[in-house]
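The values are calculated or read from the model by the stated rules, or taken from the named source; none is laboratory data. Because the structure is predicted, anything quoted here is derived from the model rather than measured. As a convention, Cβ positions derive from the backbone with ideal geometry for all residues, glycine included, and neighbour counts pool all protein chains shown.
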Amino acid sequence: MFTGFNPAVSNDALNKISKRVRSWRLHLHTEVSEADLARLINPVVRGWMQYYGAFYRSALYPLLGRINSHLMRWIRKKYKRLRGRKKAQEAWNRTVTQRPRFFAHWAWVPTVPVVW
C-alpha cells in the first residue's frame, strides 16, 4: 500500500549530476584561483540546489559533500604546504568559517566527508 511520497532527486538525475561533477575534473585545474572555480561551479550548483533541493534537500547532501571532496583534492594539489591531511583540514575549516557563502553549496554542506 502506498502511504507517502517524498519529492526528491531521482537516481537517474543524481547519476547525471555526478557525471557532470566528475567531468569538471577540478583537481586538474590547479592553474585557476578559488574565485575562478567559484565562478565556474556556483551557478550550476545553485541551480541544482534550487531545483532538486526545493522539497527534500537532504537527498543532495551526499552529492554536495562529493563536490567538497573534489575541492579538497584541488586544494591539496594546488598548495604544496597543504598536502598533509591535517593541514588541509585546518585550512578548509578556516576558509569555510571566514567565507561561508564563497561556494554556493557551503550554505548546506560546509564539511568534507571523512573519506577524501
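For R101, indicate whether it is basic (K, R), outside any helix (DSSP H, G or I) and without any contact (Cβ under 8 Å) to a residue 40 or more places away in the chain. Talk me through it step by step, then tell me what you get.
Details: basic (K, R): yes; outside any helix (DSSP H, G or I): yes; without any contact (Cβ under 8 Å) to a residue 40 or more places away in the chain: yes.
It is true that R101 is basic (K, R), outside any helix (DSSP H, G or I) and without any contact (Cβ under 8 Å) to a residue 40 or more places away in the chain.
Test F55 against the stated conditions and say whether it is in contact with an Asp or Glu (Cβ under 9 Å, 6 or more places away or on another chain) and outside any helix (DSSP H, G or I). Even if it seems obvious, please write down each step before you answer.
Working: in contact with an Asp or Glu (Cβ under 9 Å, 6 or more places away or on another chain): no; outside any helix (DSSP H, G or I): yes.
When the stated conditions are applied, F55 does not pass them.
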Output the residues belonging to segment 1-57 that are among the small types (G, A, S), free of Cβ contacts under 8 Å to residues at least 60 places away in the same chain and out of contact with any Leu (no Cβ under 9 Å at 6 or more places or on another chain). G4, S10, A13, S23, S33, A35, G47, A54
For segment 68-84, which positions are surrounded by 18 or more Cβ atoms within 10 Å (Cβ to Cβ) and either touching a strand residue (DSSP E or B) at 6+ places or on another chain (Cβ under 8 Å) or more than 20 Å from W106 (Cα to Cα) (or both)? L82
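Within the bounds of segment 86-93, is there any residue that is of a type in the set (S, T, N, Q) and under 12 Å from the mean Cα position of the chain (by Cα)? Steps first, answer last, please.
As a first pass, look at segment 86-93 and keep what is of a type in the set (S, T, N, Q): 89, 93.
Right, trim to under 12 Å from the mean Cα position of the chain (by Cα) and you get none.
Scanning segment 86-93 turns up no residue that is of a type in the set (S, T, N, Q) and under 12 Å from the mean Cα position of the chain (by Cα).
Every residue, every condition in (1) more than 28 Å from S10 (Cβ to Cβ); (2) surrounded by fewer than 17 Cβ atoms within 10 Å (Cβ to Cβ); (3) not aromatic (F, W, Y), yes or no:
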site	(1), (2), (3)
L28	yes, yes, yes
D36	yes, yes, yes
V44	no, yes, yes
G53	no, no, yes
R66	no, no, yes
Q89	yes, yes, yes
T95	yes, no, yes
H105	no, no, yes
Over 21 Å from V109 (Cα atoms), touching a Phe, Trp or Tyr at 6+ places or on another chain (Cβ under 9 Å) and modelled with pLDDT under 95: is that true of T3 in this structure? no
Any residue in segment 44-51 that is over 12 Å from the mean Cα position of the chain (by Cα), in a helix (DSSP H, G or I), at negative phi and among the aliphatic types (A, V, I, L, M)? no
